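Before any comments, here is the structure.
The values are calculated or read from the model by the stated rules, or taken from the named source; none is laboratory data. Here the structure is a predicted model, which means the values were calculated and not measured. Note: ideal-geometry Cβ built from the backbone for every residue, glycine included; neighbour counts use all protein chains shown.
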Amino acid sequence: MQLQRVLGFATSVTLALGPSPTSASASQANRNLTVLDNEFTHLLPLPFEGNLTRDFLDGTTLENQTVASALANAQRTAFVSYDREFTQLIGSATLDLIVPDAPFPNGEAGIWVPDLNQVWFVTTLYGGPTKLFILFMDNSTVAEPQLISTPGYGTHIPLANPAGGYYFNGTVYLALVGTDQEPASLVAVDPKTLVVRPVVNSYFGLEMPPIDDLIVTYTNTSRGIEMHIYFSTLDLAAFGLTVGRPAAVLPNAFWKFTPETGALQPIIPRADILIPNGVAVTKDFRHLFVTDTSATASVGGGAMWNVTGSPAIYRYDLSPVDGLVSNKVLFGMTREGVSDGIKVDDKGRVWTAEYEGIVVRNSVGKVIGLFNKEVILGTQTPVAEMANFALAGNTLVLMALDKIYAVKLSETVVDPGRYTV
């Protein structure tokens, strides 16, 4: 769910530790990449001042001109590295504009359909009712699919405000926020026939809160293979949004639905994750990652007011037996705003859409690099944020509001085989 900045305030931090870092360099092999000394992320020469509602690169004020100049130079490049792993991942990549004038404010979902070489995405709810679009990677064209309702279910077409989604085993699963005519729901779409069928729209007669994001896993049981759909529900009032329905009765939560058994159950309560949003899974299905969008920079959810939630990424262990979760671990804290879109690549790196851009953490949670929003979106007023993206083989697809960019990486970060049983 894309957020907007509402309030800004500065925080000043003072440390009296160690020598001052002074080194940064532009990559000799790639003019689009700046390599910063990792020490900049945790040790700066005094005095300095950081701003919670501005990016690290342009919101950090220092008297040390060497470091200030290094940050300013990085601010002008598309890729910023804090670690050799990210530098190697970027290689000779460039920021390629593949859709220059998208007639819609794109920014959610980012679903790679490898069988058809497509990326499905939706528009942002801040621009009104959301719509589903398909990017055809072969020729960089975009079209709105003409969906077909399954007879007998009365599925509302157009879809009731699609948000996040996931491709698995020949099917695209979509989370629907709901409208004044239909409640929130999960639907499944055949990407070849475009036939839509409903999957979940209630819990024992109660409407689901708006459904924002989802992923799919499976387990091998004595009964055979069982698929699990994990999804997030959240009250949109926290973001000043409404879809024309009464407030949700059920509390915010992460849920699991197993189609083979018909079991729908909440697995993470709002006591653990105050404002659920993104959800992702490792390739081996051992860990589930979720985001709490209690923003650092939104009225009612920021550091000055919020005492129960954190703008953070959490990791849970996934049971190979029943798909339930355990062992909550704080994996990362969003520096600015929230972590919205979240993906986990085949090496366990966690990619998130944050106010600074697309942030990449390694498998143990260290921030190793950044796809710089200020270059991708430019300087805009009011400030715009990136909400999602897609990992498509060796390509990062960036949904940038009225544009779409592609970054060809030096390695395959997501293999299509992980999306089939």
Here the residues within segment 87-146 that are in a loop (DSSP other than H, G, I, E, B), of a type in the set (Val, Ile, Thr) and out of contact with any strand residue (DSSP E or B) (no Cβ under 7 Å at 6 or more places or on another chain) are 94
Identify, from the list 285, 231, 204, the residue that is among the aromatic types (Phe, Trp, Tyr) and closer than 15 Å to residue 161 by Cβ. 231
Those residues that are farther than 17 Å from residue 281 by Cβ, under 13 Å from the mean Cα position of the chain (by Cα) and not in a loop (DSSP other than H, G, I, E, B), I need them from segment 323-352; list them, please. none
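Would you check which residues across segment 193-211 are part of a strand (DSSP E or B) and among the small types (Gly, Ala, Ser) and list them?
First, the residues of segment 193-211 that are part of a strand (DSSP E or B): 195-200, 202-203, 206-207, 211.
202 - this is the single residue of segment 193-211 that is part of a strand (DSSP E or B) and among the small types (Gly, Ala, Ser).
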In segment 69-99, which residue that is surrounded by fewer than 16 Cβ atoms within 10 Å (Cβ to Cβ) and not polar (S, T, N, Q) is farthest from the chain's Cα centre (by Cα)? 72
Hey, residue 174 closer than 15 Å to residue 212 by Cβ, assigned to a loop (DSSP other than H, G, I, E, B), assigned by TED's automatic domain parsing to the domain that holds residue 260 and not β-branched (Val, Ile, Thr) or not: no
Name the single residue, out of those in segment 363-380 being assigned to a loop (DSSP other than H, G, I, E, B) and modelled with pLDDT under 95, that is surrounded by the fewest Cβ atoms within 10 Å (Cβ to Cβ). 379
Within segment 102-120, is there a residue that is surrounded by fewer than 20 Cβ atoms within 10 Å (Cβ to Cβ), over 18 Å from the mean Cα position of the chain (by Cα) and on the phi > 0 side of the Ramachandran plot? yes
Give me the pairs, please: first residue somewhere in segment 266-280 and in the same structural domain as residue 177 (by TED's automatic domain parsing) and surrounded by fewer than 24 Cβ atoms within 10 Å (Cβ to Cβ), second residue anywhere and of a type outside the set (Ser, Thr, Tyr) and modelled with pLDDT under 90, beta-carbon distance under 6 Å, and either six or more positions apart or on two chains. 274/309
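Residues 213, 235: which one is among the charged types (D, E, K, R) and either touching a Ser or Thr at 6+ places or on another chain (Cβ under 7 Å) or free of Cβ contacts under 8 Å to residues at least 12 places away in the same chain (or both)? Spell out how you get there, then give the answer.
Numbers: 235 fails: either touching a Ser or Thr at 6+ places or on another chain (Cβ under 7 Å) or free of Cβ contacts under 8 Å to residues at least 12 places away in the same chain (or both).
Selected residue: 213, the only one of 213, 235 that is among the charged types (D, E, K, R) and either touching a Ser or Thr at 6+ places or on another chain (Cβ under 7 Å) or free of Cβ contacts under 8 Å to residues at least 12 places away in the same chain (or both).
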